[in-house]
Amino acid sequence: MSNRTDLSNRTDLSNRTDLSNRTGLSFSGVLSLVAVVSVLVVVSVPHLSELALQENEADARGTAQILARAMQALDARPRDQPTMRELLRLPELRTLGDAELLLGDAVLRHHGYLFEVTRLSAALAVSAESGALRERLAIRAWPWAHGTTGVAAFLATWEGGRLEHSNAVPHWEGLASAGSQLAGLEGWR
C-alpha cells in the first residue's frame, strides 16, 4: 500500500506540474504583457495617425496631377469645363474606381481628399510664376476633414504646374469649400 501511495503521490505531483505548465502566464507575466502592449499603443498610435495623414497627402498630390493630365487628354478648354464624371471615364483613371462623386459630379472624394476642376481668373493665371498656372483650368484638392484626413491643399494644371498650400489654418475643408474661387497665390508654393 505504501508503494501505491507513493506512486499515486508522484502521479498527483506530476499532474500538478504538467497542469501548472499548461496554464500559461503567471499574474506578473500578464501584467508585464499588458504594460508592454500599453506602451506600444501609446507610442504607435500617434505615429500611425501621422503616417496615414502623410500617405493621404501624397496620394492627393498624385491624384491631382493625374486628374490634371486627364483634362489634357480631353483637350479641355476654359470655356468647356469638364465634370469629374467625364474625367473618370478615361481609361487612365480606372485606378480611381473607389472614388465617390459628390455635388452633381462636380466634386470627387478619394482617400480623404476632395477634388474639383477649378477655373482660375485671368489675372491669376498671368501672374503665376514660371507659367505653372498658365492654363485657366486646374484641379484643386483639399482635405475632407482638416487634420484628420489631411492638411495641405494642392493645385495642378494639365501642363504639369503644381502648387501646394500648407492650409495650416484651414482655408479649405470638406464640402463647404467646393466651388470657392482661388483669389490669389498667397500661401501657395
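The values are calculated or read from the model by the stated rules, or taken from the named source; none is laboratory data. No experiment lies behind these values; they were computed from the predicted model shown. Glycine gets a Cβ as well: all are built from the backbone with ideal geometry, and neighbour counts include every protein chain shown.
So the values come out like this:
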quantity	calculated
Qualifying residue in segment 181-188 (condition: at pLDDT 95 or above and within 22 Å of the chain's Cα centre (by Cα))	no
Residue in segment 24-35 that is β-branched (Val, Ile, Thr), at pLDDT below 75 and surrounded by 10 or more Cβ atoms within 10 Å (Cβ to Cβ) present	no
Residue among Ala70, Ala58, Ala52, Ala64 that is touching an Asp or Glu at 6+ places or on another chain (Cβ under 8 Å) and surrounded by 11 or more Cβ atoms within 10 Å (Cβ to Cβ)	Ala70
Subset of segment 155-189 that is in contact (Cβ under 8 Å) with a residue 40 or more places away in the chain and outside any loop (DSSP other than H, G, I, E, B) - its residue that is nearest to His110 (Cα to Cα)	Leu175
Those residues of segment 174-189 which are surrounded by fewer than 15 Cβ atoms within 10 Å (Cβ to Cβ) and under 26 Å from Leu74 (Cβ atoms), in sequence order	Leu175, Gly179, Ser180, Gln181
Residue selected from segment 147-173 under the condition crowded, with 18+ Cβ neighbours inside 10 Å and farther than 16 Å from Arg189 by Cβ, by the criterion modelled with the lowest pLDDT	Trp158
Tally, over segment 94-117, of residues that are within 16 Å of Ala60 (Cα to Cα) and either modelled with pLDDT of 90 or more or assigned to a loop (DSSP other than H, G, I, E, B) (or both)	16
Lone unmet requirement of (1) modelled with pLDDT of 90 or more; (2) in contact with a Leu (Cβ under 9 Å, 6 or more places away or on another chain) for Asp59	(2)
